[in-house]
Amino acid sequence: MRDLLTICGLDAFYGDFQALFDVSLRVGEGEVVAIVGSNGAGKSTLLKSIAGQIATRRDAISFDDAPIGGERTHVLLKRGISLVPEGRRLFPSLSVEENLLIGGEHGRKGPWTLARVYDLFPVLAERRNQRSTSLSGGQQQMVAIGRALMSNPRLLLCDEISLGLAPIVVREIYERLPQIIGDGMSLVIVEQDILQALAASARVYCLQEGRVTLEGDSRSVSRETIAAAYFGV
């Protein structure tokens, strides 16, 4: 499998505070990779670094064999990297449909259209004219995912899909992942729900205090190994 994303020796900072230390990982074309770890482990910082929201060394991150570290977010969107942020961050004054259309403003060609997003999440079609923040948390998460898909990414980054959602809603969203990646899209999922992350992914990385403490096959890694990497014991 050809690597679409490679990260080598990534450090990331918030001012003088270092959040990531020498992080290395890879994501193959069409592969689903999970990133797990406790609060404050550096998971969101990692996704923000890939998406261009945090300054990094240029050669620390490569996408499609080209260095992209520190590149601006809108440039990376045009190249095919899209982030579903933690907390969804919808535009509260806009309708569901207006939020979705914003995702397609950069005009990347591909299979994802408004009609296809509505086919993926039919409830959004029913509520297309409602303000996005009037929806339930699960429906707002669907809008956030749909907005990212509208940019027709090659690499989709999902930060805490299940955060604050009822288990039945989480299951409904995860059941749609095969449809989302069906055209060969690569997917990185940040999750605190370890079992959900392992079930959805081919490979898993664990972060602990900004460092990779585990890389393994999601189907074969043991719960004991995950727990040791997760808690640093």
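Condition (residue is open to solvent by 60 Å² or more (accessible area, probe 1.4 Å) and assigned to a strand (DSSP E or B)) applied to the range 216-225: is it met by at least one residue? Yes. Of the residues making up the range 168-196, those that are in a helix (DSSP H, G or I) and either within 17 Å of Asn152 (Cβ to Cβ) or hydrophobic (A, V, I, L, M, F, W, C) (or both) number 9.
Pairing each residue of the range 42-64 that is under 12 Å from Glu86 (Cβ atoms) and touching a residue at least 12 places away in the same chain (Cβ under 8 Å) with any residue that is open to solvent by 10 Å² or more (accessible area, probe 1.4 Å) and in a loop (DSSP other than H, G, I, E, B), provided the two are 6+ apart or on different chains, yields C-beta distances under 6 Å for Ser44/Glu86; Lys48/Ile54. Against the test of being of a type in the set (Lys, Arg) and either in contact with a Pro (Cβ under 7 Å, 6 or more places away or on another chain) or buried (at least 18 other Cβ atoms within 10 Å of the Cβ) (or both), the options Arg128, Arg58, Arg72 yield a single qualifying residue, Arg58.
Filtering the range 7-23 to residues that are within 17 Å of Leu155 (Cβ to Cβ) and surrounded by fewer than 16 Cβ atoms within 10 Å (Cβ to Cβ) leaves only Cys8.
Could we say that Leu165 is surrounded by 18 or more Cβ atoms within 10 Å (Cβ to Cβ) and within 14 Å of the chain's Cα centre (by Cα) here? Break it down into steps so the answer makes sense when it comes.
Details: surrounded by 18 or more Cβ atoms within 10 Å (Cβ to Cβ): yes; within 14 Å of the chain's Cα centre (by Cα): no.
No.
For the range 134-161, the set of residues classified as touching an Asp or Glu at 6+ places or on another chain (Cβ under 9 Å), assigned to a loop (DSSP other than H, G, I, E, B) and of a type in the set (Gly, Ala, Ser) consists of Ser151 only.
The values are calculated or read from the model by the stated rules, or taken from the named source; none is laboratory data. All values reported here derive from a predicted model rather than from experimental measurement. Note that each Cβ is placed from the backbone with ideal geometry, even for glycine, and that neighbours are counted across all protein chains shown. The accessibility values were calculated without ligands, DNA or RNA, using every heavy atom of the protein model including side chains. Shrake-Rupley method; radii C 1.70, N 1.55, O 1.52, S 1.80 Å.
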